[in-house]
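Below is one structure, written out as structure tokens; comments come after it.
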Amino acid sequence: MFHNTWPFIGSLGRLVEVPFTASESVSRADRYVESTTVEGVRRVQVRPAAPRSWSVDVRGASAGELSGLAAFAQGAWGAGPWHWVSVQAQRGNLLTPREAALVDVVPASFWALSGPVVDADGVLQARSLSVSLASGWAAPWRDIPVLPGRRVMWAADVAGVDGPALALAFFDVDGVQVGGFYGTARAAAGMSRVSMYAVAPAGAATVRVGVQPSVLSLTRPQVTWTDGPVPYSAGHGCRAAVVDGFSEDLLVANSSGTYSSIGFTVLEVG
């Protein structure tokens, strides 16, 4: 049970809560296609992507509480796709798996994807981001969903020179910045874990997270909806998904209405 933390689904600025979620289990499609030759030699082909699927169980919700979710299954919001913000993403990392692994970043001339680096905990990470920003700040990752009034944490392992390290800003559904620019934390010569937070203002639909010129190298990026820093987690964000396999089990029907358990599947699409 998630103790009043529920997933969300919908478009940016119009996220709909999925209440009373009891469980969400995720699976990933096989990355390799296997075949065996007539000589008995095993061969594999790698797929460029391995989309995920979530099996979600909602228990004991009223018809009114489930109406928002049912609208997605019935096509009232259109065919999709939508953003899927799982509990694991909110508490672990809202970046997608490829973003958190430093496979995908916004293209720019002032950074480059680099090779392995030892993180702040002394563990070798497969990739890092080399930064050569002269002034201002820049965001390697954009369109991360937020909720107005909800705190957003932005953390990363960074190395550089002494000075401001991280920054973020919020934007509305049209890409117009709302609220101010937020920057804090300090870079240092050695790799260290730094974090900052800001509360999403009214009208905010997304956040962009980035770095300031003091940062020369970055790894283990992480964005969460939490009140403080949490242990690093790989990316769990999903920017494009559809709802399928909607099923309902009626639990109670009385003068107060009906209460049901709902099962559905969220399919990542690309």
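Quick look at the values:
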{"read-out": "Relative contact order [Cα under 8 Å, 6+ residues apart], region 106-224, whole percent", "value": "36 percent"}
{"read-out": "Local electrostatic count at residue 239 - Lys and Arg +1, Asp and Glu -1, tallied over other residues with Cβ under 11 Å", "value": "-2"}
{"read-out": "Amide H contacts under 5 Å for residue 217, placed H, 5+ residues apart", "value": "131, 159"}
{"read-out": "For the chain, with +1 on Lys and Arg beta carbons and -1 on Asp and Glu, the positive-most of 190, 129, 50 along the dipole", "value": "190"}
{"read-out": "Pairwise FRET efficiency - residue 63 versus residue 240, Cβ, R0 = 41 Å, nearest 0.05", "value": "0.90"}
{"read-out": "Contour minus Cα-Cα distance for residue 49 and residue 233 (0.36 nm per residue)", "value": "64.2 nm"}
{"read-out": "Rounded Å value of the spacing that divides the Cα centres of region 12-76 and region 133-204", "value": "29 Å"}
{"read-out": "Highest-fluctuation residue, 127, 59, 31 considered, GNM on the chain with Cα pairs under 10 Å", "value": "31"}
{"read-out": "Pair residue 269, residue 110: separation of 7 Å Cα→Cβ label points (nm)", "value": "3.7 nm"}
{"read-out": "R0 of 41 Å, Cβ-Cβ distance residue 177-residue 79: FRET efficiency to nearest 0.05", "value": "0.85"}
{"read-out": "Gaussian network model of the chain, Cα within-10 Å springs - most flexible of 168, 66, 95", "value": "66"}
{"read-out": "Hz values of 3J(HN,Hα) by residue in region 46-57 - Karplus curve (6.51, -1.76, 1.60), Gly and Pro given as x", "value": "8, 7, x, 9, 10, x, 9, 9, 10, 9, 10, 10"}
{"read-out": "Net length gained if the chain between residue 5 and residue 252 were fully extended (0.36 nm per residue, minus Cα distance)", "value": "86.5 nm"}
{"read-out": "Under-5 Å amide H pairs with residue 60, H placed in peptide plane, nonlocal only", "value": "260, 261, 262"}
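Since every read-out is calculated from the coordinates, none of them should be taken as a lab result. In this text, all values refer to a predicted model and were calculated from it rather than measured experimentally. Virtual Cβ from ideal backbone geometry, glycine too; neighbours counted across all protein chains shown.
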